[in-house]
Amino acid sequence: RQEQFRALRDVESRTKDGHRVTILMNAGLMVDLPQLSESGAEGIGLFRTELQFMIASNMPKMEEQEAFYRNVLRQAAGRPVTFRTLDIGGDKVVSYFRSQEEENPALGWRAIRLSLDKPGLLRTQLRALLRASAGAELKMMLPMVTEVSEIRAVRDLMQKEVQHLSKFGHALPRKLQFGAMLEVPALLWQLDELMDEVDFVSVGSNDLFQFSMAVDRGNARVSDRFDNLGKPFLRILRDIVRAADRNKTPVTLCGEMAGKPLSAMALFGIGFRSVSMSPTAIGPVKAMLLGLEVEKLSAELNRVLDDHKSTETPRELLVNFAAAH
Ligand code: PEP
Ligand code: MG
């Protein structure tokens with residue numbers, strides 16, 4: 001099967017009924033980069049920048065961050081890379097970065113909250129990203145956004161860094177794409193404002209599922225208790241795709257569910273056309289995709305999602321659909 005998947009590497013990602021889909025990969029370290037060409041990913045949809053911080057024994061300096069990002073972009077050789085700003089805290093522990101003991105770290109001082117409270121840290125990272133992308137396109141996104149105002153605050157800092165760099169004669173990125181991760185349910189009621197504010201959004205389904213179902217993603221006792229292919233979560237995801245279509249905002253999903261063929265099938269069925277996953281998942285997802293009649297699936301899936309009385313679960317439908325086709 002490994003060989004079979006390898007043969008698909010250079011095949012264009014298109015459903016059986018002709019819909020083009022973009023398949024990207026998740027990464028975070030230099031060792032991930034060779035997977036770009038091996039897996040046939042079209043780019044990196046999520047680059048987890050905190051990994052450089054997690055494996056270091058001291059806070060990486062601006063120059064080290066810049067060199068790292070530059071290296072990533074060089075290896076990506078023109079394929080797009082979406083850098084996520086530091087997502088420290090919660091399940092992502094950085095030893096030298098002492099934060100106070102928290103009773104609920106997942107709901108605590110983390111990700112963009114921490115970055116905004118430590119503007120020196122954030123500005124250093126923004127500067128490193130801008131410098132590393134000189135003359136190229138910089139795509140970056142913010143983790144764990146809760147209110148649209150947080151995006152504006154980062155944009156202001158970004159503007160300051162741009163001014164600073166140009167004042168000192170540094171080359172700037174040719175183009176800047178600014179995005180937000182959709183991981184906190186409060187954003188679901190700010191979708192239009194959000195999409196007005198950013199160039200793209202990326203659904204972090206691991207955290208969005210954790211927060212919308214109130215189940216700790218790291219606690220095996222409860223993490224599988226509810227189905228991410230159940231009606232509640234699929235309806236949430238469908239609302240996001242609808243908002244993205246309405247606002248003409250590109251949307252990707254980069255959580256683990258994108259890498260499971262059955263879940264990926266559900267995502268295409270509710271309208272996602274861009275997903276990012278671990279590179280080893282790309283072969284199996286692509287094999288599924290090439291045989292998928294997505295319009296037919298969409299019609300059936302939407303019928304189940306809209307039917308308040310039916311006891312058929314979306315998962316049952318998906319399993320049956322997969323078996324029948
Ligand atoms: C997510 O939450 O789905 C996500 C992609 O980010 P991470 O797994 O790094 O929290
Ligand atoms: Mg997350």
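The values are calculated or read from the model by the stated rules, or taken from the named source; none is laboratory data. Bear in mind the structure is a predicted one, so any value in this text is a computation, not a measurement. Every residue, glycine among them, receives a Cβ derived from its backbone with ideal geometry; neighbour counts consider all protein chains shown.
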Condition met for THR280 (in a helix (DSSP H, G or I), within 17 Å of ALA41 (Cα to Cα) and modelled with pLDDT of 95 or more): yes
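Could you pull out the residue among SER202, SER212 that is hydroxyl-bearing (Ser, Thr, Tyr), within 14 Å of ligand 2 (Cβ to nearest atom), modelled with pLDDT of 95 or more and in contact with a Ser or Thr (Cβ under 8 Å, 6 or more places away or on another chain)? Don't jump to the end; show me each part of the working.
Working: SER212 fails: in contact with a Ser or Thr (Cβ under 8 Å, 6 or more places away or on another chain).
Answer to the check: SER202.
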Odd one out for ILE55, checked against (1) among the β-branched types (Val, Ile, Thr); (2) within 16 Å of ligand 2 (Cβ to nearest atom); (3) over 18 Å from the mean Cα position of the chain (by Cα): (2)
Test set (1) under 18 Å from the mean Cα position of the chain (by Cα); (2) outside any loop (DSSP other than H, G, I, E, B) - ALA41 fails condition number: (2)
Residue satisfying all of: in segment 156-193; within 16 Å of ligand 2 (Cβ to nearest atom), under 19 Å from ASN247 (Cα atoms) and of a type in the set (A, V, I, L, M, F, W, C); surrounded by the fewest Cβ atoms within 10 Å (Cβ to Cβ) among these: ALA186
Condition check for ALA132: buried (at least 16 other Cβ atoms within 10 Å of the Cβ) and small (Gly, Ala, Ser): yes
Cβ-Cβ under 9 Å pairs, at least 6 apart or on other chains, segment 144-157 side on the phi > 0 side of the Ramachandran plot, far side surrounded by 17 or more Cβ atoms within 10 Å (Cβ to Cβ) and of a type in the set (A, V, I, L, M): MET144/ALA111; MET144/ILE112; MET144/MET181; MET144/VAL184
ARG70 being at pLDDT 95 or above and part of a loop (DSSP other than H, G, I, E, B): no
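Taking the criterion of being within 16 Å of ligand 1 (Cβ to nearest atom), of a type outside the set (Phe, Trp, Tyr) and under 20 Å from LYS286 (Cβ atoms), would at least one residue in segment 54-77 satisfy it?
Filtering segment 54-77 down to residues within 16 Å of ligand 1 (Cβ to nearest atom) leaves 54-55.
This time we only want the ones that are of a type outside the set (Phe, Trp, Tyr), so: 54-55.
Remaining after also requiring under 20 Å from LYS286 (Cβ atoms): none.
No, segment 54-77 has no match at all.
Regarding segment 115-129, can at least one residue be identified that is within 15 Å of ligand 1 (Cβ to nearest atom) and touching an Asp or Glu at 6+ places or on another chain (Cβ under 6 Å)?
Here is the first cut: in segment 115-129, the ones within 15 Å of ligand 1 (Cβ to nearest atom) are 115.
Then keep just the ones that are touching an Asp or Glu at 6+ places or on another chain (Cβ under 6 Å); that gives none.
Looking for residues that are within 15 Å of ligand 1 (Cβ to nearest atom) and touching an Asp or Glu at 6+ places or on another chain (Cβ under 6 Å), one finds none in segment 115-129, hence no.
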Residues satisfying the stated conditions in segment 204-239, i.e. free of Cβ contacts under 8 Å to residues at least 60 places away in the same chain and either buried (at least 23 other Cβ atoms within 10 Å of the Cβ) or in a loop (DSSP other than H, G, I, E, B) (or both): SER205, LEU208, PHE209, ALA214, VAL215, ASN219, ASP224, ARG225, PHE226, ASN228, LEU237
